[in-house]
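Structure first, then comments.
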Amino acid sequence: MIRQSLLWLSQQDSIFRLLRSNRLAWKFASRFVAGETIEEGVAVASQLAARGITASLDLLGESVSRPEEAIAAKEAYLRMLDQMAAAGGLEVNVSVKLTQMGFDIDEALCLQNMREILTRAAALDGFVRLDMESSDYTQRTLDFFTNELHPSFGNHCGVVIQTALRRSEADIERLITMGARVRLCKGAYLEPPSVAFPDKADVDRNYVKLMERLLLDGNYPGLATHDPAIITHAREFISRHAIPAERYEFQMLYGVRRDLQQQLRDAGHRMRVYVAFGTQWYPYLMRRLAERPANIAFMLGNLVKESVSRG
């Protein structure tokens, strides 16, 4: 019931128009969304850089239905790359959803858009991460990455693997063999048990297993988790195997466990924060909560944790 209600809310443009002018709604959203413009996203990335934390900018929006929308998104990413480079002191690093680039409209259009983005990123010595969407897109995304992008752009591009999916161990082995850069996350999509582990404990165990594989043999993996137990395990594993800090990085979402982000950075680990921004912040928040309604309690819990730690 909660999930259906949140999904319904995400589709109500009239509610979004009302909330965009509501200070309380934006106050909550701004905890997790950097703003609505490229300039605001870059400004947050610069603030993080001043604390020794890198960023990956993510323009909100996905599943476009018209070619002109995909082209507009591509142009926005080109401007984003240029503005990150012009800001000075920033790594040029962005995250992209293929459906935002026209993946469901015309794969040739998507490929053209992605090649333009990656060509610009490579010229700026930057990096582009393909975000992973639901399991319906997993094989298509990996095929697209493996066949069309990685051969030409190598370490300027990477992909995401979700440990909730049963197939992910085999995917990780193939990506390690390719030398591809992987961001490892648990995955927030609600998937059928035939595709994904239904129990959180199994998802966590799979995360730890694949994390260890990537730490030993992967190409600069991004360990995307806010789970304190998994982070503690990672730090112990890294210390035990004497893995240098330049071989991996921790990753977290903007606005989530900012205290832990800084603690890891202060301890000598590399930390990257995924910074989402854009006008589509309302449907973004609603869909993220709908994917796993427990995220509501998770977000509120993190706010309490940070408040206590500051006290």
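The values are calculated or read from the model by the stated rules, or taken from the named source; none is laboratory data. These figures come from a predicted structure and were not determined experimentally. Cβ atoms come from the backbone with ideal geometry, glycine included; neighbour counts cover every protein chain shown.
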field: Long-range neighbours under 8 Å by Cβ, at least six apart or interchain, first residue in contact (Cβ under 8 Å) with a residue 60 or more places away in the chain within segment 250-261, second surrounded by fewer than 19 Cβ atoms within 10 Å (Cβ to Cβ) and in a loop (DSSP other than H, G, I, E, B)
entry: Leu253/Phe32; Leu253/His226; Tyr254/Phe32; Gly255/Arg31; Gly255/Phe32; Val256/Phe32; Val256/His226
field: Count of segment 121-165 residues which are of a type in the set (D, E, K, R) and surrounded by 20 or more Cβ atoms within 10 Å (Cβ to Cβ)
entry: 3
task: Among the candidates Gly88, Gly61, single out the residue that is at positive phi, surrounded by 16 or more Cβ atoms within 10 Å (Cβ to Cβ) and modelled with pLDDT under 95.
output: Gly61
task: Could you identify the single residue in Glu148, Glu173 that is out of contact with any Phe, Trp or Tyr (no Cβ under 9 Å at 6 or more places or on another chain), modelled with pLDDT of 95 or more and farther than 19 Å from Lys97 by Cβ?
output: Glu173
message: Against the definition (farther than 20 Å from Ile172 by Cα and hydrophobic (A, V, I, L, M, F, W, C)), how does Ala234 come out, yes or no?
response: no
- request: Taking the options Ser168, Ser134, Ser95, name whichever one is modelled with pLDDT under 95 and either in contact with a helix residue (DSSP H, G or I) (Cβ under 9 Å, 6 or more places away or on another chain) or under 26 Å from Tyr207 (Cβ atoms) (or both).
  value: Ser134
statement: The correct count of residues that are under 16 Å from Asp204 (Cα atoms) and in a helix (DSSP H, G or I) in segment 216-229 is 2
message: All but one of (1) more than 30 Å from Ala86 (Cβ to Cβ); (2) over 18 Å from the mean Cα position of the chain (by Cα) hold for Ala164; state the number of the condition that does not hold.
response: (2)
query: Does any residue of segment 100-118 turn out to be surrounded by fewer than 16 Cβ atoms within 10 Å (Cβ to Cβ), modelled with pLDDT under 95 and either among the β-branched types (Val, Ile, Thr) or not in a helix (DSSP H, G or I) (or both)?
result: no
task: Residues being touching a residue at least 12 places away in the same chain (Cβ under 8 Å) and either more than 20 Å from the chain's Cα centre (by Cα) or exposed (fewer than 14 other Cβ atoms within 10 Å of the Cβ) (or both): count how many of those fall in segment 235-249.
output: 7
message: Within segment 93-112, does at least one residue satisfy the condition of being hydrophobic (A, V, I, L, M, F, W, C) and closer than 24 Å to Ser194 by Cα?
response: no
message: Take the conditions of a type in the set (Val, Ile, Thr), closer than 18 Å to Gln139 by Cβ, without any contact (Cβ under 8 Å) to a residue 12 or more places away in the chain and not in a loop (DSSP other than H, G, I, E, B) and apply them to Thr232. Does it pass?
response: no
message: Please go through (1) at pLDDT below 95; (2) assigned to a strand (DSSP E or B) for Arg129 and return the number of the only condition it doesn't satisfy.
response: (1)
task: Being more than 20 Å from the chain's Cα centre (by Cα) and farther than 25 Å from Leu215 by Cβ is the filter; apply it to segment 185-201 and report the residue that is surrounded by the most Cβ atoms within 10 Å (Cβ to Cβ).
output: Val195
query: Which residue, of Asn93, Asn147, is polar (S, T, N, Q) and within 20 Å of the chain's Cα centre (by Cα)?
result: Asn93
- prompt: Could you list, in sequence order, the residues of segment 176-195 that are at pLDDT below 95, at negative phi and of a type in the set (Gly, Ala, Ser)?
  reply: Ala188
